[in-house]
Amino acid sequence: MMNNTARAHTNIALIKYWGKKDADLRLPLMSSISMTLDAFYTDTNLVLDTEDKRFYLNGELVTGKASERVISYVERLQKLFHVSGNFHVISQNHVPTSAGLASSSSAFAALAASFVKAYQLDISKKGLSILARLGSGSATRSIFGGFAIWHQGQNSATSFGEAIDETPEMDLRMIAVELNTKQKKISSTQGMEMAKTSPFFIPWIHENEAQIIDMKAAIENNDFTSLGELAEQNASQMHAVNLACETPFTYFEPETVALIHLVQDLRKQGLECYYTIDAGPNVKILTELRNSKEIQKAVKQLLPTVKIVESGFGPGIQYLNEQI
Ligand SMILES: Nc1ncnc2c1ncn2[C@@H]1O[C@H](COP(=O)(O)OP(=O)(O)OP(=O)(O)O)[C@@H](O)[C@H]1O
Ligand SMILES: C[C@@](O)(CCOP(=O)(O)OP(=O)(O)O)CC(=O)O
């Protein structure tokens, strides 16, 4: 049996994607910039010519909505490339699923890559990023390591991810504080639709262009302080949009807010760090290597039971061994 296993690492957006202009094509209303992480990843093998269509995640058969999303995604790619047949998607998440730790970014990047391998298609990384986008927007950026940008584009052909710097020199660590890794109630797809009802949604989109320019400059200049300040501001704005919706909602839990205060306090004490938060309660703290251990100690003191995972820059898409 051919092994088509692809490994994709998750990425965390520093300038976030939160809003679509075309839901079916997953065309965003803004560009986004991310850091690919080495600590979290997904391995996915698309097995062809099976008796039926199935999705296995972490060794268990998945049914219902989560399975439909994955199966209909593969069917969509099959149509695009004029191929057909049954398949099994066999995937392992080395990241908590649906908890705002970007499992969908690594999931659909790995699945798109495995599809391309299974059907022996000759696709560039840019093309692969476009295919990944059809599964989950943030997956466009997980094709690349280091820092990546997703250009919002005008249509499917112009909305793709690109590497900014795959082997950055910046001393940047991301400390993921896993408060709660239960599946969230409002998926990212739902959350960003609801966000459109917020009076802050249009201003949020307008801020994006300048933030992208500034974040690119911070990366180019190896400027951790500017990167952290911008990332924190951008994440806070995204969560403010959600709180002001017609039906207000938030992904924050009490511990999320406690960690925001902790980061601010540590900064006052001279330990430079910043937070970013995605569609879930978990907090990611941006810092430099020299302060990382002390910050983790402070988090443990405040919340002794949480799991903490430190991450550096991860690589782009990879294929695992050829034969099994
Ligand atoms: N390994 C996998 N293979 C295929 N689909 C997966 C895999 N892991 C997660 N998914 C699917 O990805 C989606 C998770 O996206 P969702 O937006 O809810 O959560 P998330 O993990 O917080 O990701 P993000 O932070 O990118 O929003 C779910 O539909 C889930 O079933
Ligand atoms: C807050 C975010 O993590 C939202 C990610 O949203 P998804 O990429 O999961 O959304 P869909 O395209 O609907 O699948 C910000 C980001 O990663 O840019």
Only one of Ser67, Ser34, Ser106 is free of Cβ contacts under 8 Å to residues at least 40 places away in the same chain and within 23 Å of Gly191 (Cβ to Cβ), namely Ser67
Residue pairs qualifying under the 8 Å Cβ cut-off, at least six apart or on distinct chains, with the first in the stretch 11-25 being touching a residue at least 40 places away in the same chain (Cβ under 8 Å) and within 11 Å of Thr189 (Cβ to Cβ) and the second being surrounded by fewer than 20 Cβ atoms within 10 Å (Cβ to Cβ) and of a type in the set (Asp, Glu), are Lys20/Glu193; Ala23/Glu193
Expected output for the stretch 288-305 (first residue in the same structural domain as Cys273 (by TED's automatic domain parsing), partner assigned to a helix (DSSP H, G or I) and open to solvent by 90 Å² or more (accessible area, probe 1.4 Å), Cβ below 8 Å, 6+ apart or cross-chain) is none
Scanning the stretch 28-67 for residues that are more than 14 Å from ligand 1 (Cβ to nearest atom), closer than 16 Å to Ser105 by Cα and open to solvent by 10 Å² or more (accessible area, probe 1.4 Å) gives Ser31, Asp38, Ala39
Met238: passes all of (1) over 30 Å from Lys125 (Cβ atoms); (2) buried (at least 19 other Cβ atoms within 10 Å of the Cβ); (3) out of contact with any Leu (no Cβ under 9 Å at 6 or more places or on another chain) but (1)
Would you confirm whether any residue within the stretch 145-154 is in a helix (DSSP H, G or I) and either at pLDDT 95 or above or buried (at least 22 other Cβ atoms within 10 Å of the Cβ) (or both)?
no
Across the stretch 186-200, the tally of residues that are at pLDDT 95 or above, within 11 Å of ligand 2 (Cβ to nearest atom) and surrounded by 17 or more Cβ atoms within 10 Å (Cβ to Cβ) stands at 3
Any residue that is closer than 30 Å to Glu169 by Cα, open to solvent by 20 Å² or more (accessible area, probe 1.4 Å) and assigned to a helix (DSSP H, G or I) - is there at least one of those in the stretch 85-94? no
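The values are calculated or read from the model by the stated rules, or taken from the named source; none is laboratory data. Everything quoted here is computed from the prediction, not taken from an experiment. A quick note on method: Cβ atoms are made from the backbone with ideal geometry, for glycine too, and the neighbour counts reach across all protein chains shown. What goes into the accessible areas is simple: the full protein's heavy atoms, side chains included, and nothing from ligands, DNA or RNA. Shrake-Rupley method; radii C 1.70, N 1.55, O 1.52, S 1.80 Å.
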